[in-house]
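Student: Let me begin by handing over the structure; questions about it come next.
The values are calculated or read from the model by the stated rules, or taken from the named source; none is laboratory data. All of these numbers come straight from a predicted model, not from anything done at the bench. Quick reminder, even Gly has a Cβ in these numbers, built from the backbone with ideal geometry, and neighbours come from all protein chains shown. For the accessible areas, the whole protein counts, side chains as well, though only heavy atoms, and no ligand, DNA or RNA atoms are used. Shrake-Rupley method; radii C 1.70, N 1.55, O 1.52, S 1.80 Å.
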Amino acid sequence: MRVAVLDRDSCQPRRCVKECQKFCPKVRSGDETIIFGEDKKPIISEVLCIGCGICVKKCPFDAIKIINLPEKLKSQETHRYGKNGFILFGLPIPRVGEVTGILGPNGIGKTTAIRILTGKLKPNLGGEETEWKEILRYLSGSELQKYFKRVIDGKIRSSYKLQDIDSLQKFKGTVSDFLEETDERGEIKKLTERLGLEEVSERNISDLSGGELQRVAIASCLSKEREFYFFDEITPYLDIYQRVRVAKIIKELSKEKSVMVVEHDLAILDLLTDAVHVVYGEPGVYGVITHPLATRTAINQYIRGDLQKENIRIRDKSIKFEVHAPRSNVNLAVLKEFGRIYKSYGKFSLEVNPGDMRKGEIIGGIGPNSIGKSTFAKILSGVIEPTDGNIDFDLKISYKPQYVKGDTELTIAEILAPFMNPHYETEFINPLRLKSMMRKKICDLSGGELQRIAIVLCLSRDVDLYILDEPSAHLDVEERTMISRIIRRFIENKEATAVVIDHDVYLIDLVSDRLIVFSGEPGTFGRTNGPLDMREGMNLFLKELNITFRRDEDTKRPRINKLNSRLDREQKEKGEYYYR
Ligand code: ADP
Ligand code: ADP
Ligand code: SF4
């Protein structure tokens with residue numbers, strides 16, 4: 001099965017109109033392999049194309065993909081976004097009494113699948129507009145046929161937690177006004193309490209932090225009386241404690257309802273779901289939703305990059321996790337020492353204890369929300385002044401804030417133009433697959449795309465200290481691993497220093513040499529501990545949360561232990577909360 005996909009945003013027909021046709025050997029021999037559509041952009045015939053790949057190589061904007069897929073996929077096309085558009089194969093299956101997870105990279109069709117399941121998008125089975133009668137015939141005998149019959153009859157209505165929580169900020173009013181509007185189950189008081197939203201209930205939605213907004217969005221989704229609930233990412237901007245708490249509430253809901261979750265934090269996906277559909281393919285080109293597997297099997301196969309049932313390798317190498325704490329970099333030269341610093345906002349105060357930062361090391365920053373992590377990052381980077389104590393750094397610093405706003409009309413190419421050279425392309429552009437996105441405007445980027453650009457932009461500056469606040473938000477598993485590798489390689493080679501604040505323990509484990517642990521009373525006072533070595537830091541952090549991790553026997557990935565399980569008790573006794 002030959003598939004030709006054209007990225008219509010990247011294609012610039014004004015620059016190379018007719019060029020496409022000139023390159024194609026089939027057009028030269030008289031076939032209408034490439035014609036031009038009403039929008040003056042090419043339409044490539046998948047029947048006439050011989051897959052020589054000349055147009056793919058010639059296109060200066062990386063806009064064309066020609067791919068040969070196994071014939072068996074032909075009967076599994078669920079939806080195609082028009083001629084030469086993205087194709088989705090298969091669909092996940094919602095089941096009452098279970099949380100079903102969807103695991104795959106960004107741009108692979110997860111949202112498309114969910115829009116279909118919630119009845120917002122009528123699938124076209126890969127072709128033109130299709131009648132429901134035909135769709136049901138195509139699905140005959142499957143669980144999905146029964147499901148869609150009920151969707152068409154209006155017996156399955158859905159509640160949906162969007163990935164883009166910023167869109168909630170259009171609401172003019174307070175948190176309690178908003179939640180009262182969506183409350184159909186009479187649960188809002190309980191949910192507000194369980195999600196720790198009482199303190200902000202009279203605050204305007206437009207004034208909330210990302211973590212508060214995320215919990216409001218989750219509460220609103222949970223408060224509706226529906227048959228199918230879908231959560232497109234629950235973890236961005238939540239600390240690990242809040243993540244575990246949200247997972248518990250969603251799990252309870254699933255006892256009586258169908259629940260589906262897209263999640264990139266593997267520890268939480270592992271804790272929350274009963275079964276997982278892995279989605280593989282090529283982002284922006286095609287995505288194949290596989291049959292569900294037990295959660296542990298699905299995550300492990302995904303980490304190894306080897307889908308056994310499908311007999312497909314989705315990645316050359318498996319993702320590797322460190323089992324032992326890395327040795328501390330005591331021999332590295334000190335970049336800067338800092339003394340005691342205080343910051344007070346009135347209601348909240350932060351005490352930064354003395355410490356040092358070394359050349360060529362990455363210091364991870366972990367702790368609950370509202371404990372002063374971003375305040376610390378802002379003090380270090382000079383965005384705010386401390387109330388007491390001096391940060392007399394004569395250092396050059398580059399800072400990526402926690403919330404990244406993409407409100408410029410400039411394109412990625414325009415933003416990154418000052419830094420572009422072959423080395424930069426090898427180091428950042430190629431591994432992060434940014435090339436095909438270069439013509440996109442910053443204001444049109446998805447959360448994950450914007451995050452990648454913000455990280456790259458932060459690392460592009462020639463400075464001594466790089467500060468990245470929550471780089472994992474909206475990144476998929478591959479992107480998190482890739483970003484960790486890029487940051488590590490870059491900091492080691494440059495012998496610079498980085499501070500990376502994040503809630504994803506996988507990312508912190510992969511990226512850090514030492515840890516600063518924030519403790520105290522969220523919203524009231526915070527204090528820093530360290531930088532400590534990884535073992536000491538993880539133990540201190542997780543002890544306060546009362547959470548232990550074990551290692552998966554197969555992939556060595558960290559998994560959250562059930563509270564009071566044998567391992568949980570044993571590890572707490574030994575004082576080994578993370579590395580064993
Ligand atoms: P995910 O949720 O996995 O990030 P999506 O389902 O949002 O992926 O999108 C998959 C691909 O489908 C995207 O790369 C995008 O190119 C394409 N796509 C999404 N929505 C549309 C649309 N309305 N029209 C055309 N293409 C779309
Ligand atoms: P974290 O990054 O750990 O979530 P922050 O450093 O963002 O925490 O905030 C710590 C506390 O300080 C929070 O209670 C927050 O509401 C408060 N805070 C942050 N910035 C300000 C500010 N500009 N004015 C008043 N309070 C603030
Ligand atoms: Fe023509 Fe070759 Fe491109 Fe197919 S791959 S459209 S045959 S140039």
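Student: Can you work out the PRE-style zone for Ser206? Point 7 Å along Cα to Cβ, and I want the residues of segment 430-445 with backbone N under 12 Å.
Tutor: none
Student: Taking a point 7 angstrom from the Cα of Glu143 along the C-beta vector, which residues in segment 289-321 have backbone N less than 12 Å away?
Tutor: Residues passing the 12 Å test: 291-294.
Student: Working out 0.36 nm times the residue gap between Lys57 and His291, then minus their Cα-Cα distance, what length gain in nm do you get to one decimal?
Tutor: Values: separation 234, 0.36 × 234 = 84.24 nm, distance 3.44 nm.
Contour length minus Cα-Cα distance gives 80.8 nm.
Student: Turning to a different aspect of this structure: For the chain, report the accessible area per residue in Å² (1.4 Å probe, heavy atoms, rounded to an integer). Show your work: numbers first, answer last.
Tutor: Numbers: 25980 Å² over 580 residues.
On a per-residue basis, 45 Å².
Student: Right, next: Given the rule -39500 (n - 2.57) for each run of at least 4 DSSP H residues, summed and divided by the residues of the chain, what is its mean residue ellipticity at 222 nm, to the nearest 500 deg cm²/dmol? Spell out each step's value before the answer.
Tutor: Values: 20 runs with 175 residues, N = 580.
Per the formula, -8500 deg cm²/dmol.
Student: A further question follows. Let me know the whole percent of all Cα-Cα pairs from the chain that are separated by more than 47 Å.
Tutor: 15 percent
Student: Taking the Cα centroid of segment 370-422 and of segment 76-147, what is the distance between the two, rounded to the nearest whole Å?
Tutor: With segment 370-422 and segment 76-147 each reduced to a Cα centre, they are spaced 41 Å.
Student: To continue, here is another question. At what distance in nm do the modelled label points of Asn421 and Leu332 sit from each other, each positioned 7 Å from its Cα along Cα→Cβ?
Tutor: 2.5 nm
Student: Same structure, new question: Among Thr118, Ile240, Gly210, whose Cα sits farthest toward the positive end of the charge dipole of segment 74-313 (+1 at Cβ of Lys/Arg, -1 at Cβ of Asp/Glu, about the Cα centre)?
Tutor: Comparing the listed Cα positions along the dipole, Thr118 ranks first.
Student: Something else about it: Which distance in nm do the two modelled labels at Gln12 and Tyr345 give, with both placed 7 Å along the Cα-to-Cβ direction?
Tutor: Distance between label points: 4.3 nm.
Student: With all protein chains present, how much of the accessible area of the chain (probe radius 1.4 Å) comes from carbon and sulfur, to the nearest whole percent?
Tutor: Working: 12420 of 25980 Å².
With neighbouring chains kept in place, the figure for the chain is 48 percent.
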